[in-house]
Each structure stands twice: as C-alpha cells, then as structure tokens.
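Notes follow the structure.
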Amino acid sequence: MTASAMPAAASADHDDDVDQAGQVDIVLVALNARWSHASFALRYLQANLGEALQARSTILERTIDDRAADVVEAILARRPRLVGLSVYIWNATLMLEVAQILRAVAGDVVVVVGGPEVSHEIDDQAICALAHHVVKGEGEVALRTIAERVLGIDARIMQMALPHVVEGGTPDLSSLVFPYGLYTDTDVANRIVYVEASRGCPFTCEFCLSSLDEKVRLFDTDAFLGQMQGLLDRGLRSFKFIDRTFNLKIDTAQRILSFFLERAHLGLFLHFEMVPDRLPEELRSLLVQFPAGSVQLEVGIQTLDDATSTRIARRQNVARLEDNLRFLATQTGIHVHADLIVGLPGEDLASFGRGFDRLHALGSAEIQVGILKRLRGAPIARHTVEHGMVYATDPPYEVLQTAVLSFAELQRMKRFARYFDLVSNNGKLPALAALLLSSSGSPFWAFLAFADWLWATTRSTHGIALPRLATLVSQHLVEAGVDEGTVHAALLSDFGREKLPTQLVAGIPKRQRAHLTSR
C-alpha cells in the first residue's frame, strides 16, 4: 500500500466500548494530556502495520488523569499479545506505572515502548528496562517488524533475534501509509486532529530534540493535499499542523496555504508552527487574505538576547523577525502565539525581561512563557556544569536554578507564566490586562510585581474564578496608584454590561462601588 492510500475510518477501533470478549492481538496505548488530543503517533503506527496486522490491532486512548491500574485493566480486557506504549515527557511517570503493572500481572504480554522520552538515555530509564523492546526514533517500520516477529507473521523474521533496542531510523516518507483515515467520525467532530506535511528541522537549537535531525523531509504535496481533501469531505474544519518549520520550503507552504485559502469559506481554523524570520512576500500575500481568526501561527522566539542565542546555537535574524511580527499584528487577522523560555543558560531575569518587553511591543496576541526543560538527549545538557544548571530529576525535568537565576526567581517566573495565561493569554480580561501591562514603564516588571502580589494575597495559582481574578487585578491596580475611574472603566469594558456580576461587585471595596453603574 502506498503513502497515498487512505485506510477506511472503520478499519480500526479507537473506542473503549469494544467487545470485551474478543481478542485484539496488538493494543497501542496513548495517555494524552486531554481527551480532546487524539494521538497522531499511534494512528501512524497502526496505519503502517500492514493490512493483516492492522486488522488485529486497536488504539486505546486515555488521559494522564487516569489511574494506571484502570489503564491496564482496559488493556488486558482486549487480551493482547503485544502492547505498545507511546511515551512522552508529559505521560512518562504514569506510563512507567502502567508498564510495571503489566509486567507484574501479565508476564506473557510483550511490552514495547517508543516515543521521544525513551529514544535517548535508554540505559537510565526504568521503563526501558521493563520493556521487552524499545523503539528508538520513528517507529512505523520498527513496530511492524517487532509485531511480525511476535505474532509469527513472517517466517524469515521469526528466525531473527530482535535486539532490546530497535532502531527506527528515518523511513522514506513516500513508503509510509497516511493515517488520516484512522481518525474516527468522533475525532473529526470533537477532537484536535493533527496533520503533518514534513518531518524534521534544519536548526540546531540545543534545548530541542529536533536539533538532532539530519534534514527536513517532505511528504509528497499532491498526496498530502489529497488526504486533507478527504478530511474536509468528512467535515473536518480545524487542522493542527505539527511541522516544526512549516514555512521552511516556501513553494510547498504556498501550495498548502493556497489550498486552504480556496476553501476558507467553509469556516476553517488552521494552526501552523512557523520560522519567525522567514516570511517572504509570497507567504505574506496569502496570509493577509485569510479571514480574521481563521489562522493561528505558533512562533518560537525563545530568546531575544543575542549572547544567549549564540550560546544555545539558535540562529535567527531578529530584525527580520520583528518586522514579520509587526506585519502579522498590523496587516492581518492572524492570531500569533509567541514562545519565550525562562532559564536558558546564562540568561538572567533582567535579560529575559528586556526580551519580553521587546516582544510585547510587537503586538503578539499571546506570549507563552515556558520554563526550560532538559529533554532527554537534547544538547542543552552540555551547559550544565558551566552555567550551574540544576534540573528536576522527574518529568518534565524543569530547570530549578541556574548560575544567574536563583531557585526563588524561577519559582516567581513559574507563577508569572501561570498568571499571565490567566490574565492576558486567555483573552477574557483584555482591558484590565492592557491596563496592568502599561501600569509602569516595563510590561514585564509591571506584571511580575502583580504576580508577586497575587501570590502573596491568594497563595494559589489555580482555582481563581474569573470574577475574583478581575477583582484582584482591579485591587492591585488601585493599590499601585492607577486612577480608580480608569480601572472601573476597564472592568466594565471587559464584562460588557452596565452592571457587573454580583459576585464581582461584592469583591470590590464599598467606596469604589459607586463608579460601577456607569461606563
């Protein structure tokens, strides 16, 4: 079967309501962050098992909020002979528990693990020691080989002794079967559907596993767009591209954008991750034509400090990057989600703050502040000693302190990131957020002062309802010297009504309430 073939959606079962009495030889397991996240990796693995094995397989999807014992119970209800576990940094701890229980209660079941978390530092991981086989890297070809050996499909393979670690290699993309037909109607109607037009990344940013890629490989564009049309015909309207550098090859990006632009009248939403300093006129001329809110661009900035960029081998043209972000903010209706990382080697709070302010001035709709994580295998590890990098020993391996950022400062920045999502990025308090960020000469230091105050006031980073959050922001602004009338005008603007919700009014001091009945 060629890569252009599209397996029928009914050819595999992704529903937990399967016939519990029937045996399924291969169970592929995903523990997603949320139910809405459909596992793209497992659909690719299942699609490339070959027709015979695909018919003997199923995908079991749970979330990281499930109990390991319940996950194992669901697995063993299928009476499998082989279980594949997809391991990522976010589910690694729970997957280890699943593997431990499987090996304890079902010793005859072959356990195979794969995914980014177990593709590096294999000898250091308990889950790898538990597994019969570890797939390192891309798994479509490797898993099929293991399954054929375990299930006795191929007499030649049956005589081979498979190693504990099976190299996945880099399969020829033209030989792979597309997985899009394995998205069920429920997936298409209710879940995030992931797609990819390419694999790999040409850049060498040391915090990222993609820095280990040798090159970027592209799927055949005609075949890929045929698959996208198939999803559109089934009713899909939201497409999330996982390509690390969607706009690297301009002519391919042009073709894909043009394809969706011609169908934009269907009410589409598209998410792309783009190289921030690579937005030539060919792409600009297409992006300006999309309806407002129909395209989201995830733009990895990470740092705007030149010395830090050099230190971590991140190449980017900052002047061109800034021009591109200004263009997107002022000339298009595109939602820009820009990423910054706290805790990079050698970057202190002042440097990060300057980068934050510089990025904020460019008008990005969202600034996602993330804490550096030491991904297994990522070259960032070479800076550990020189820059005093101390990381948590358990997933997600966040940095705890550096030579220039204390533990206390990183704790402050974790709260900053959480509160910034709540107040600014979620878009529900735009006027109050704008007032807060402009309450001093530096948006970064203004918001950090608020984050410190909010933590001291509430001792909580979760469970703060919107009315209470608005009250707290308002209280902080007034205490910081912002005119009460200006604060109340922002409140009324955000809630869009003559009278604010009762619970919000109740949280405001009596002396301020007289202002709340008029705009």
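The values are calculated or read from the model by the stated rules, or taken from the named source; none is laboratory data. Predicted, not measured: the structure shown is a model, and the values here were computed from it. When we count neighbours, we look across all protein chains shown, and the Cβ atoms used for this are built from the backbone with ideal geometry, even at glycine.
Is it true that some residue in the range 224-243 is buried (at least 19 other Cβ atoms within 10 Å of the Cβ) and more than 18 Å from residue 179 (Cβ to Cβ)? No, every residue in the range 224-243 fails to be buried (at least 19 other Cβ atoms within 10 Å of the Cβ) and more than 18 Å from residue 179 (Cβ to Cβ).
For the range 467-503, a residue qualifies if it is farther than 15 Å from residue 429 by Cβ, among the small types (Gly, Ala, Ser) and at pLDDT 90 or above, and the qualifying residues are 480, 481. Scanning the range 311-333 turns up at least one residue that is surrounded by fewer than 20 Cβ atoms within 10 Å (Cβ to Cβ), in a loop (DSSP other than H, G, I, E, B), among the charged types (D, E, K, R) and at pLDDT below 95. Residues in the range 382-397 that are free of Cβ contacts under 8 Å to residues at least 40 places away in the same chain and in contact with a Lys or Arg (Cβ under 7 Å, 6 or more places away or on another chain): 391 only. Residue check: is residue 142 under 26 Å from residue 117 (Cβ atoms), assigned by TED's automatic domain parsing to the domain that holds residue 382, modelled with pLDDT of 95 or more and out of contact with any Pro (no Cβ under 7 Å at 6 or more places or on another chain)? It is false that residue 142 is under 26 Å from residue 117 (Cβ atoms), assigned by TED's automatic domain parsing to the domain that holds residue 382, modelled with pLDDT of 95 or more and out of contact with any Pro (no Cβ under 7 Å at 6 or more places or on another chain).
Considering only residues in the range 280-333 that are basic (Lys, Arg) and within 24 Å of residue 349 (Cα to Cα), the one that is farthest from the chain's Cα centre (by Cα) turns out to be 311.
When the residues of the range 21-63 are filtered to those that are of a type in the set (S, T, N, Q) and farther than 20 Å from residue 102 by Cα, the one that is surrounded by the most Cβ atoms within 10 Å (Cβ to Cβ) is 46. Annotation note: Cβ proximity below 6 Å between a residue of the range 438-452 that is surrounded by fewer than 21 Cβ atoms within 10 Å (Cβ to Cβ) and a residue that is among the acidic types (Asp, Glu) and not in a loop (DSSP other than H, G, I, E, B) (sequence gap 6+ or interchain) occurs for 442/357. Residue-level check: of (1) of a type in the set (Lys, Arg); (2) under 30 Å from residue 286 (Cβ atoms); (3) free of Cβ contacts under 8 Å to residues at least 60 places away in the same chain, residue 149 misses just (2).
Okay, residues lined up against (1) crowded, with 18+ Cβ neighbours inside 10 Å; (2) at pLDDT 95 or above; (3) out of contact with any Pro (no Cβ under 8 Å at 6 or more places or on another chain):
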position	(1), (2), (3)
149	yes, no, yes
152	no, no, yes
155	no, no, yes
174	no, yes, yes
179	yes, yes, no
183	yes, yes, yes
195	yes, yes, yes
198	yes, yes, yes
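Is it true that some residue in the range 385-407 is in a helix (DSSP H, G or I), closer than 21 Å to residue 125 by Cα and more than 24 Å from the chain's Cα centre (by Cα)? No, because not a single residue in the range 385-407 is in a helix (DSSP H, G or I), closer than 21 Å to residue 125 by Cα and more than 24 Å from the chain's Cα centre (by Cα). Among the residues of the range 364-377, is any surrounded by fewer than 22 Cβ atoms within 10 Å (Cβ to Cβ), more than 25 Å from residue 272 (Cβ to Cβ) and among the β-branched types (Val, Ile, Thr)? For the range 364-377, residues surrounded by fewer than 22 Cβ atoms within 10 Å (Cβ to Cβ), more than 25 Å from residue 272 (Cβ to Cβ) and among the β-branched types (Val, Ile, Thr): absent.
Just to verify a result, which residue in the range 103-147, among those that are in a loop (DSSP other than H, G, I, E, B) and touching a Ser or Thr at 6+ places or on another chain (Cβ under 7 Å), is surrounded by the fewest Cβ atoms within 10 Å (Cβ to Cβ)? Among those residues, the one meeting the criterion is 138. Put simply, of 400, 362, 349 the only residue that is free of Cβ contacts under 8 Å to residues at least 24 places away in the same chain and not assigned by TED's automatic domain parsing to the domain that holds residue 450 is 400.
One residue stands out among those in the range 270-306 that are free of Cβ contacts under 8 Å to residues at least 40 places away in the same chain and surrounded by fewer than 17 Cβ atoms within 10 Å (Cβ to Cβ): the one that is farthest from residue 207 (Cα to Cα), which is 289.
Can you tell me how many residues within the range 87-131 are aliphatic (A, V, I, L, M), over 25 Å from residue 144 (Cβ atoms) and either touching a residue at least 40 places away in the same chain (Cβ under 8 Å) or touching a Pro at 6+ places or on another chain (Cβ under 9 Å) (or both)? So the answer is 2. For the range 256-294, a tally of residues being within 20 Å of residue 238 (Cα to Cα) and among the hydroxyl-bearing types (Ser, Thr, Tyr) returns 2. Scanning the range 77-90 for residues that are surrounded by 21 or more Cβ atoms within 10 Å (Cβ to Cβ) and more than 20 Å from residue 58 (Cα to Cα) yields nothing.
Within the range 481-503, is even one residue exposed (fewer than 14 other Cβ atoms within 10 Å of the Cβ) and in contact with a strand residue (DSSP E or B) (Cβ under 9 Å, 6 or more places away or on another chain)? Scanning the range 481-503, I find no residue that is exposed (fewer than 14 other Cβ atoms within 10 Å of the Cβ) and in contact with a strand residue (DSSP E or B) (Cβ under 9 Å, 6 or more places away or on another chain), so the answer is no. Looking only at residues of the range 207-223 that are acidic (Asp, Glu) and at pLDDT below 90, we find that the one that is surrounded by the most Cβ atoms within 10 Å (Cβ to Cβ) is 213.
Any residue in the range 245-253 that is touching a residue at least 60 places away in the same chain (Cβ under 8 Å) and more than 20 Å from residue 48 (Cβ to Cβ)? Checking the range 245-253: not a single residue is touching a residue at least 60 places away in the same chain (Cβ under 8 Å) and more than 20 Å from residue 48 (Cβ to Cβ). Residue pairs whose Cβ atoms lie under 8 Å apart, sitting 6 or more positions apart in sequence or on different chains, and linking a residue in the range 317-329 that is under 20 Å from residue 306 (Cβ atoms) to a partner that is among the hydrophobic types (A, V, I, L, M, F, W, C) and in a helix (DSSP H, G or I), are 325/359.
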